[in-house]
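Enquirer: The structure that follows is given in the form of structure tokens.
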Amino acid sequence: MNEPDRAVVTVDRLSKRYGDRSVLRDVSLRVHAGEVFGLLGPNGAGKTTTLETIVGLRRPTDGTVRVLGRDPSIDRRYVTERMAVQPQAATLFPTLTVAETLDLFASFYRDVRRPEEVLDELDLGEARRVRVKHLSGGQERRLLIAIALIGDPEIVVLDEPSAGLDPQARRNLWSIIRRQQERGTTILLSTHHMDEATQVCDRIAVLVDGAIAASGEPETLVREHAATATVTFEVPGRTTADELRSHDIPGEITVTAKGAVSLVGIVTDDPDAVLRRLTFSSGLRPRGFRVAHGSLEDLFIDLANRPASAAEGDRAHSP
Ligand SMILES: Nc1ncnc2c1ncn2[C@@H]1O[C@H](COP(=O)(O)OP(=O)(O)OP(=O)(O)O)[C@@H](O)[C@H]1O
């Protein structure tokens, strides 16, 4: 087990401006040892700028970034020996094979993992003799991740690792990330896929317009920000919203007639109370209950569409 509260990446009040354009404003976050931390946000929110500042490729205009206690733009060697970044596809040589490419990158490190083992973990064992220019998009992306892992880093930074992958390849990638976490690696990634954040991230921070709009465990954020659920069911014959309200059922009720039944939808923040009232006291003979809870996607859309001043209040929660 890792030390869960040891911060390996600390970002304090990071701001970045290009000329008079403000791209990041007061971004603060902590990534703890051994966790998978996700940076979420719509296009242009500042995810790449934040990650590139963390890896030392850009310097903050204001604020501080520390990786394992060091400034990554100054102690570059110390940091790059311990923190790996998934490179861009453009870094690869098209005529080298997969195995040759990994050997080349392995030669940059003092302590490396066995290339065959990394290739097998990334399901690239069978493609080891294929030239880079002949790889599929998914294989190329996995090779980029293999390159990030070959030096057995303490921290791995992945900028949109699932971009361009099909749903199955994305699921495979999530298993790879989880396996890497089990090896004790801390993983910092950016994504705009809500399902990815829910599936692989222990904690997330949502960046909107260069500022952190919310952060925490995905389930907690959903509970706090997307508290309502929708209960749907059907009732034989005809009923009305007024009749349901007369049974003291909490929530916003809509009723639609369909053939011999009435379809009912209730948006509520207390689905348990709705189900109790309906089954024990309404006498309505409801059936086919479904309860749909809010999702991270609802939260994301809500935060991305909120005016900047409304998101401001959430910043106090930044980790
Ligand atoms: N070197 C630069 N000079 C000026 N503006 C820049 C520079 N680099 C990034 N930006 C701007 O900063 C903003 C944030 O960009 P960034 O790439 O960090 O966002 P992102 O959240 O990673 O977006 P995406 O999901 O589209 O990759 C964008 O509006 C971008 O145009």
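Enquirer: Across the range 32-38, in residue order, what do the Karplus-derived ³J(HN,Hα) couplings come to in whole Hz, using 6.51 cos²θ - 1.76 cosθ + 1.60 with θ = phi - 60° and x for Gly and Pro?
Expert: Here the 3J(HN,Hα) series is 8, 4, x, 9, 9, 10, x Hz.
Enquirer: Once the piece of chain linking D298 and T61 is laid out straight, how much longer is it, given 0.36 nm per residue of separation minus the C-alpha distance between them?
Expert: In short, 82.0 nm is gained.
Enquirer: Evaluate the distance, in nm, between pseudo-label points positioned 7 Å from the Cα of L96 and of D71 along their respective Cα→Cβ axes.
Expert: 3.3
Enquirer: Continuing with the same structure: What translational diffusion coefficient, in µm²/s and rounded to a whole number, does the Stokes-Einstein relation yield for the range 1-61 at 37 °C and a viscosity of 0.692 mPa s, taking the hydrodynamic radius as the Kirkwood radius over Cα pairs?
Expert: Result for D is 262 µm²/s.
Enquirer: Follow-up. Give the span of the range 228-293's Cα atoms along each principal axis, as three whole-Å numbers ordered largest to smallest.
Expert: Principal-axis extents of the range 228-293 (Cα, largest first): 29, 22, 18 Å.
Enquirer: Count the net charge of all other residues whose Cβ sits under 11 Å from the Cβ of M194, scoring Lys and Arg as +1 and Asp and Glu as -1. Let's see the in-between values first.
Expert: On the way: positive: none; negative: D195, E196, E297, D298.
Result for the local shell: -4.
Enquirer: Given only helices, namely DSSP H runs of n ≥ 4 each adding -39500 (n - 2.57), what is the per-residue ellipticity at 222 nm of the chain, to the nearest 500 deg cm²/dmol?
Expert: Helix-only estimate at 222 nm: -9500 deg cm²/dmol.
Enquirer: Turning to a different aspect of this structure: Report the calculated FRET efficiency for F280 and D202 (r = Cβ-Cβ distance, R0 = 41 Å), to the nearest 0.05.
Expert: The computed FRET efficiency comes out at 0.55.
Enquirer: Sticking with this one: When Lys and Arg each count +1 and Asp and Glu each count -1, what net charge do the other residues less than 14 Å away from Q86, Cβ to Cβ, add up to?
Expert: Cβ neighbours under 14 Å give a net charge of -1.
Enquirer: Moving on. For the range 180-284, run through the trypsin sites (Lys or Arg not before Pro) and keep only the ones in DSSP coil with at most 12 other Cβ atoms within 10 Å of their Cβ.
Expert: Qualifying residues, ordered by number: R183, R238.
Enquirer: First measure r as the distance between the Cβ atoms of R238 and D152, then evaluate 1/(1 + (r/R0)^6) with R0 = 41 Å and state the FRET efficiency to the nearest 0.05.
Expert: The computed FRET efficiency comes out at 0.05.
Enquirer: Determine ³J(HN,Hα), in whole Hz, for all residues of the range 42-56 in sequence, where each value follows from phi through the Karplus function 6.51 cos²θ - 1.76 cosθ + 1.60 and θ = phi - 60°; x replaces Gly and Pro.
Expert: x, 3, x, 6, x, 5, 5, 4, 4, 4, 5, 6, 5, 7, x
Enquirer: For the range 1-112, report the convex hull volume of the alpha-carbon atoms normalised per residue, in Å³, without decimals. Please report the intermediate quantities before stating the final value.
Expert: Working: hull volume 16.4 nm³, N = 112.
Looking at the range 1-112, the number lands at 146 Å³ per residue.
Enquirer: Rounded to the nearest 5, what % of DSSP beta bridges with both residues in the range 7-224 are antiparallel?
Expert: Just about 55 percent of them are antiparallel.
Enquirer: Next up: Computed over the Cα atoms of the range 173-283, what is the ratio Rg over Rh, Rh following Kirkwood?
Expert: With Rh from the inverse mean 1/r over Cα pairs, Rg/Rh is 1.19.
Enquirer: Could you tell me the extents of the chain's C-alpha atoms along the three principal axes, largest first, rounded to whole Å?
Expert: Cα spread of the chain along its principal axes, largest to smallest: 74, 47, 38 Å.
Enquirer: I would also like to ask the following. Which one, L124, P94, I54, projects farthest toward the positive side of the charge dipole computed for the chain from Cβ point charges (K/R +1, D/E -1)?
Expert: Of the options given, the answer is P94.
Enquirer: For the range 228-293, what is the accessible area per residue in Å² when the probe is 1.4 Å?
Expert: 60
Enquirer: If you roll a 1.4 Å probe over the chain with all protein chains in place, what percent of the accessible area is carbon or sulfur? Provide the component values of the computation, followed by the final result.
Expert: On the way: 7440 of 15890 Å².
Carbon-and-sulfur percentage of accessible area, whole number: 47.
Enquirer: Between R171 and H134, what length comes free when the chain is fully extended (0.36 nm per residue of separation minus the Cα-Cα distance, one decimal in nm)?
Expert: Value of the extension gain: 11.0 nm.
Enquirer: What whole-number value in cubic angstrom gives the convex hull volume per residue for the C-alpha atoms of the range 66-202?
Expert: Once divided by residue count, the hull of the range 66-202 is 113 Å³.
Enquirer: For the range 179-208 and the range 65-111, what is the separation of their Cα centres, given in Å?
Expert: Here the two parts' Cα centres lie 20 Å apart.
Enquirer: Which of the aspartates and glutamates could a cross-linker bridge to K258, judged by Cα under 14 Å and excluding same-chain residues fewer than eight apart?
Expert: The qualifying aspartates and glutamates are E234.
The values are calculated or read from the model by the stated rules, or taken from the named source; none is laboratory data. All figures in this text were calculated on a predicted structure; none of them were measured in a lab. Cβ sites come from the backbone with ideal geometry, for glycine too, and all protein chains shown count toward neighbours. In case anyone asks, the SASA skips ligands and DNA or RNA and just uses the protein heavy atoms, side chains included. Shrake-Rupley method; radii C 1.70, N 1.55, O 1.52, S 1.80 Å.
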